[in-house]
Every structure is written in C-alpha cells, then in structure tokens.
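Asks: Before we start, here is the structure in question, set down as structure tokens.
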C-alpha cells in the first residue's frame, strides 16, 4: 500500500470503503468512469526508518568486528608465551600506547605521531601520483590514438613497466642527488604504467559512432580530446588511476625505508633497527588503513566523474 | 507503372520543375581493399536529389546502401566518381550533411540538452550569440517533443526518445541534406510508427531534403517522394527509382487502402523479392 503512489478508485465504490488516504470525491455513482487519485507516499514512522538503517549498518559492521576479535584472541594466545618472538596485542598496547592514541604529537624532530609521518608520505605520493596521472593520461591518449606512437612506444613501455619500483631508486638518487625528489620519482615511475596502459585501451575502445559524430561536427583535435576522448575513456582511466594509487602506496613505504626522512616507511625501518616491534605493528595497521582509504577515494571520485558514461 | 531504368543519371524532379539538384551523385564506384582482395561494393551509382525531396534508399542487407550513405556523409571516400553538394565536391564529413545514426550515437556523458547544444555551438559558434544558441537548441528539442527530458542523460531515456534527440541534434545543424541511416531500425513497431509520424510532420514544416536508408517497405512508401531500390551486392547499383505520387500530408490509416500506396508497395515488393531476391553472401 505505501509503495503505491497512484491508486485507481472506482467511482461507485462506497465512500466509506475507500482506502485510507484516497480523497473521497465520488459524486456520480451512475458514471462508470474511473477517477485517478494521486497519493502522497505515507510518511514512514521515524523509528521504523532508524531501525532499518541500524539493521543495515549492523549487518555490515558486526561480522568484521567478530572476525577481528577472534583474530586478536588467536594472536594473543599464540604470542603470549614467554619465548614468543613477536609481540602480543596486549604488549603492543602497553608499549605503543602513545602512538595509538595520539597520531599528531610532536616531541622532537624524530619523535612525532604516526599521523604526521603518514601525512609526509602522503604528500610525496600526492606529488608523484599527480604527475603520473597527468603524464600517463597524455601518453596513453597518444599511443591509443596513433598507430605509429603505439608501435614505437608500446614495446618500450612493456619492458619498463616490469622493472620493480625500488630498482629505479639508485638511478633517481644519482640523478636528483636528494632523497625527497628521488622518492617522488619512484612513485611517479611506479604509478604511470597502469595509467598509460588503461588509458590507451580506453582510447582504442572509443566507439566508431562517437568518432563519426566528431567527424560530422568537425571537432578539431583539442575539442576531440576533451569532448570525446577523455570522457569516453574515463572509466578505463579511473581503473588505471586506482591501480596506480595502490602501487604508489606500496612503493612509498619501500622507498622511504631506503631514503630516510620522516615518512612512515622510514619509521618502520628505524623501529626495526631499535627493536621496537610493537611500533612496527601499529605502523602496519596505519599503512593498511590509509591504503584502503586511498583506494576508496579514487574509486568514489571515479564513479562520480564517470556518472552515466558506462551506460548508453 | 515503373520505368525500368538502367544505371544512368536519374533526373526525376517533383512537379517537373526545372531546378538544380541539391545533391548529385555521379558515377560513383566504391571498392574496399583488404590486403590483396578488393571487393567492389558499389558500381556506377548516379542519382540526383532535389531540394526538399524525401528520398529512401532500400535494398537487402549487404547491398551497400549504408556505404552509399557514408559516402554522401563523407565518412568514407569514393573510389571513382564524385558526389557534389550544391556543385561542390564532398570529400570530408561536415554539418551540412548531418547524420541520424542507426544507434542514435548520443554522447552518454552529456545531457540531452548538451548533446544538441554541442552541435549548435560547433555549427553556430560564430554566427549566433549565446542566447540565440540556447533558444535554437530549445526550439529543436521542442520540435521533436523532447523538451521535457532536456536535463536527462541518454542512459535515462528510452530508445525512441534517444532517436528523437538524435534527430534534434541533426536538425540543429541545419543541414542542406539530412541523412538518416536506418533511423528506426532498432525500435519496436509502435514507437517506430510514432517517430515516422514525427519525421513526416517535421519534414512538412521544415521542407528539408532527406535521404533515408531503410529496409522497411512500408516506411519507405509512407515517407518518401522517391524510393531508390538497390540491386544485390557485390557491385550493387541502383536498380530502379520509384516515384511515390501520394499527396501530403499522408495519414497512416488512410494509406492502408489507398490504391497508389498499395501499388507502390507492390512494386517495391516485386523488385526486392522477385527480381532481386536476397542471396546469402555469394562472395
């Protein structure tokens, strides 16, 4: 009843028997015509709505919480022995409470909260990844659009993209003579390949119809680029960006372990050198959560930006 | 009723007016080269199309009628021969030969309004002010009765509505010749009839020159002033050109019993199913 917004009520229905909410406008019982009444959806009781939302949230939140609790118990039991080489959750809480409760404390140049360290790492990722996104989309458009660019560049890209991120580090240290730009370069070179390759596939998959429309309208190269190419390839581009941001986050931690500084990667290396295993576990959780958030962020931006593009 | 015409220029013009044709197709051949294999799709096609005429091109599938339309649109180049639009040779696509594509080809990331507006901005960007372009866009959407959905995206409207928008976009370019490539092929029968009526009333109002590809005999007879019938490919050519002397406006229901209509329909049927019946890919 509530789902229906339009109800047909026959005129000769007795007024008293009209369903609730239908205006009683029946006057001519002899006429066998139908009168259409528009019904406003009945407002749901507030507690009903709340209950539904709560059920949905609970269905999504409770299972992972249970699994997490079970994992913590198993972990605690497995590592609680006196000879255990890894810290138990209770020990981590005791050792690294300051890191867990306050991400943004500053006690000195190398004694700062993990939130601040993560921000430093994120800044590097932001610069490197943005450069990779812009350059990757442009190069991807080039090799997607031009047969000759494809033939010339694609084999080289296919070889270069298999080089592990860290293998670029010595070269970039030699070139930039500074840790920070080197780390940014490693991010750039890691993230750019999936962006290039996915963009190129997206461009090659532009339907001939859109090209015909562009031809009939006589769009010039620049107009074709931003009117047709980019929107049409957008779903592919965002797939590339999403893979790219994931790889960036993988690479920054490794790169920072080697270059030093204030990033989260160096923190782990530093903690290892001073045998603070509990701190490492906390840092790992930070990295995991941030990586998840980054992935979701790009996915959400992608689904907003490509609204309607996938369906035609 | 029909004079059997061998491939030579067809010079029928409505009411015997001594007018110059808008579009002239002169001895056009089209050969597709694939590796060492050359396939001749069209052979020696000549046709003149006069102002405000509605011409249908009909034939079995694979007879090269879409190729002919693509040649007129400039999307593919002729191998030999020439296509002249108002005495100027056609060799690239342009808005003076706007196309209504079979599968509407609206850009799914733009709203209905923006799809039409893109064409308007491109064609009239210099000659009309911003406000004029807006009014022009709205007018064309109104013409195809799609004003109510102007802010929807193509994914949110039905197939018939999309094709209406496609027609609005093509009309908005104010083409000298409007090309329609099986515009209603993908629609159900009721929607198709509705759209055919719309196209007839638009044609009556705007008096534009239209070339339509179709494989629907009723559609061809109902809408056209002339029906160009193509022989089977490869090396298809124009078999006959049938004038449809039915008074406009034409009413779908009255046509069912109109002797001229029935006769025209029969002529096309005989051409397609007796003399040039469909042969499954002889190549």
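Derivation of every value follows stated rules applied to the coordinates shown; laboratory data play no part. The structure displayed is predicted, hence computed values, not measured ones. Cβ sites come from the backbone with ideal geometry, for glycine too, and all protein chains shown count toward neighbours.
Asks: Would you mind calculating the relative contact order of chain B from Cα pairs under 8 angstrom and at least 6 residues apart, reporting the percent as a whole number?
Replies: Reported relative contact order: 25 percent.
Asks: Report the label-to-label distance for residue A:156 and residue A:138 in nanometres (one decimal), using points 7 Å from each Cα along the Cα→Cβ vector.
Replies: 1.5 nm
Asks: Residue B:269 to residue A:305: FRET efficiency via 1/(1 + (r/R0)^6), r the Cβ-Cβ distance, R0 45 Å, to the nearest 0.05?
Replies: Approximately 0.30, to the nearest 0.05.
Asks: When Rg is the radius of gyration of the Cα atoms in the stretch B:26-163 and Rh is its Kirkwood radius, what does Rg/Rh come to?
Replies: Reported Rg/Rh, Kirkwood definition of Rh: 1.04.
Asks: Using the alpha-carbon atoms, what tilt in degrees (0 to 90, nearest 10) does helix B:112-124 show relative to the longest principal axis of chain B?
Replies: Orientation of helix B:112-124: about 80 degrees from the principal axis.
Asks: Something else about it: Can you give the three extents of the C-alpha atoms in the stretch A:115-306 along their principal axes, from longest to shortest, in whole Å?
Replies: 68, 35, 21
Asks: Suppose each label sits 7 Å from its Cα in the direction of the beta carbon; what would the residue A:163-residue B:134 distance come out to in nanometres?
Replies: Between residue A:163 and residue B:134, the simple spin-label model gives 5.4 nm.
Asks: Right, something else. Once the Cβ-Cβ distance between residue B:52 and residue B:201 is put in as r, and R0 is 25 Å, what FRET efficiency do you end up with, to the nearest 0.05?
Replies: 0.95
Asks: At q = 0.16, 0.17, 0.18, 0.20 Å⁻¹, what log₁₀ I(q)/I(0) does a Debye calculation on the Cα points of the stretch A:149-205 give, no solvent, two decimals?
Replies: -0.56, -0.61, -0.67, -0.76
Asks: Same structure, new question: Using Stokes-Einstein with the Kirkwood hydrodynamic radius over Cα pairs, what translational diffusion coefficient do you get for the stretch B:222-283 at 25 °C and a viscosity of 0.890 mPa s, in µm²/s rounded to a whole number?
Replies: This corresponds to a translational diffusion coefficient of 189 µm²/s.
Asks: Also, quick follow-up: How high is the relative contact order of the stretch A:214-312, given as a whole-number percent (alpha carbon pairs under 8 Å, six or more residues apart)?
Replies: 33 percent
Asks: Please work out how much length the chain gains when fully extended from residue A:110 to residue A:149, using 0.36 nm per residue of separation minus the C-alpha to C-alpha distance, in nm with one decimal.
Replies: Length gained between residue A:110 and residue A:149: 9.3 nm.
Asks: Please compute P(r) over all alpha-carbon pairs of the stretch A:242-285, binned at 10 Å starting from zero, and give each bin as a whole-number percent.
Replies: Over the stretch A:242-285, the share of Cα pairs per 10 Å bin runs 30, 50, 18, 2 percent.
Asks: Taking chain B as the reference, fit the longest principal axis to its C-alpha atoms, fit the long axis of helix B:130-143 to the helix C-alpha atoms, and give the angle between the two in degrees, 0 to 90, nearest 10.
Replies: 60 degrees
Asks: In nm, give the distance between the simple-model label positions of residue A:270 and residue B:188, each being 7 Å from the Cα along the Cα-to-Cβ direction.
Replies: The modelled label-to-label distance comes out at 6.9 nm.
Asks: I've got another one for you. Find the centroid of the Cα atoms in the stretch A:114-170 and in the stretch A:214-269, then give the distance between the two in whole Å.
Replies: Centre-to-centre (Cα) distance: 7 Å.
Asks: Ok, one more. Can you give the FRET efficiency for residue B:39 and residue B:87, using 1/(1 + (r/R0)^6), R0 = 35 Å, r = Cβ-Cβ distance, to the nearest 0.05?
Replies: 0.65
Asks: Another question about this same structure. From other protein chains only, count the Cβ atoms within 10 Å of every residue's Cβ in B:92-103, then give the mean.
Replies: For peptide B:92-103, the averaged partner shielding equals 3.
Asks: Taking Rh as the Kirkwood radius computed over C-alpha pairs, what is the Stokes-Einstein D of chain B at 20 °C in a medium of viscosity 1.002 mPa s, expressed in µm² per second?
Replies: 110 µm²/s
Asks: Which angle from 0 to 90°, rounded to the nearest 10, does the C-alpha axis of helix B:189-206 make with the longest principal axis of chain B?
Replies: 80 degrees
Asks: Counting pairs of alpha carbon atoms under 8 Å apart in space and at least six apart in sequence, what relative contact order in percent does the stretch A:115-306 give?
Replies: 28 percent
Asks: When the distances between all Cα atoms of the protein assembly as shown are binned every 10 Å from zero, what whole-number percent does each bin get?
Replies: 3, 12, 16, 16, 14, 13, 11, 8, 4, 1, 0
Asks: I need the peptides A:183-193, B:190-200, B:30-40, B:54-64 ranked by packing, meaning the mean over residues of other C-beta atoms within 10 angstrom, with the highest value on top.
Replies: A:183-193, B:54-64, B:190-200, B:30-40
Asks: Name the shape class, rounded, prolate or oblate, that the alpha-carbon gyration tensor gives for the stretch B:106-226, where a ≥ b ≥ c are the square roots of its eigenvalues, rounded holds for a/c under 1.5, and otherwise prolate holds if a/b is larger than b/c and oblate otherwise.
Replies: Oblate, because a/c is 1.5 or more while a/b does not exceed b/c.
Asks: Is any residue of the stretch A:188-212 close enough, with backbone N under 18 Å, to a label point placed 7 angstrom from the Cα of residue A:130 along the Cα-Cβ axis, and if so, which?
Replies: Residues A:188-192 fall inside that zone.
Asks: Right, another one. Once the convex hull of the C-alpha atoms of the stretch A:232-312 is built, how many Å³ does it hold per residue, rounded to a whole number?
Replies: Value for the stretch A:232-312: 80 Å³ per residue.
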